[in-house]
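Peer 1: Sending over a structure as structure tokens; questions will come in a sec.
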Amino acid sequence: MKQEIEVAGPATDIKLRPYEHKAKYYETDQMGIIHHSNYVKWMEEARMDLMDQIGLNYKEMEEMEIISPVLSVSVEYHSMVHFDDTVVIQTRLVKYNGVKMEIEYVMTDKETGELRTTGKSSHCFLNRSGKPISLKRSYPELDTKFFEMKDDPQ
């Protein structure tokens, strides 16, 4: 699996790196494997990292009074992660229309490349009052950054 993905433009443009997470002991369950709830947390970490890499720091967005709550999350577990394993998380923006976005996640074992988990999360954009906003209309500079990394023309 590739360790970098090209966002847009020629090879001299910014390359995104996948997010890596080293499994912690406290994330394990009684059976010695990573508890299923932790994968959603890792997806969140990977999404924040992706946004940082493209220049859309979530803290800065919140300072602009933009929030992006989760609308849905789905996770499929393919193989177990154990304490001290490092998981490589590839994130991909697959849908974006200015009001909503959907991100896919593919988690593989760093050492073996084995598929561990896949998932999706969908999010919308709201102002601090909780009303939906369109980044296309209200924040075209942010909209451009999302549009440039989107895979799916939808």
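Peer 1: Could you work out the Rg to Rh ratio of the chain, with Rh taken as the Kirkwood radius (inverse of the mean 1/r over all Cα pairs)?
Peer 2: Here Rg/Rh amounts to 0.99.
Peer 1: Then there's this: Report, to the nearest 10°, how far helix 37-53 tilts away from the longest principal axis of the Cα atoms in the chain, using its own Cα long axis and a range of 0 to 90°.
Peer 2: Once rounded, the angle reads 40 degrees.
Peer 1: Can I ask one more? Taking only Cα atoms, what is the 0 to 90° angle, nearest 10, from helix 140-149's long axis to the longest principal axis of the chain?
Peer 2: 40 degrees
Peer 1: Something else now. When ligands, DNA and RNA are left out and all protein chains stay put, how many square angstrom of accessible area per residue does segment 25-130 have with a 1.4 Å probe?
Peer 2: Normalised by residue count, the accessible surface of segment 25-130 is 51 Å².
Peer 1: Only Cα pairs under 8 Å and at least 6 apart count here; give the relative contact order of segment 84-154 as a rounded whole percent.
Peer 2: 32 percent
Peer 1: Would you mind classifying segment 57-102 by shape? Square roots of the alpha carbon gyration tensor eigenvalues, ordered a ≥ b ≥ c; an a/c under 1.5 is rounded, otherwise it is prolate if a/b is larger than b/c and oblate if not.
Peer 2: Because a/c hits 1.5 or more and a/b exceeds b/c, segment 57-102 counts as prolate.
Peer 1: Given Cβ point charges of +1 (Lys, Arg) and -1 (Asp, Glu) and nothing else, what value in debye, to the nearest 20, does the dipole of segment 10-154 about its Cα centre take?
Peer 2: About 500 debye.
Peer 1: Follow-up question, since we're still on this one. So for the chain, averaging the separation of alpha carbon pairs under 8 Å that are six or more residues apart and normalising by length, what relative contact order in percent results?
Peer 2: 24 percent
Peer 1: Please give me the summed charge of the neighbours of Glu111: other residues whose Cβ is under 13 Å from its Cβ, Lys and Arg +1, Asp and Glu -1.
Peer 2: -2
Peer 1: Given H placed 1.01 Å from N in the peptide plane, which residues other than close sequence neighbours of Thr28 have an amide H under 5 Å from its amide H?
Peer 2: Excluding prolines and chain starts, which carry no amide H, the hits are His35.
The values are calculated or read from the model by the stated rules, or taken from the named source; none is laboratory data. Keep in mind that what you see is a predicted model, and the values were worked out from it rather than measured. Here Cβ is always computed from backbone atoms with ideal geometry, including for glycine, and neighbour counts include all displayed protein chains. In case anyone asks, the SASA skips ligands and DNA or RNA and just uses the protein heavy atoms, side chains included. Shrake-Rupley method; radii C 1.70, N 1.55, O 1.52, S 1.80 Å.
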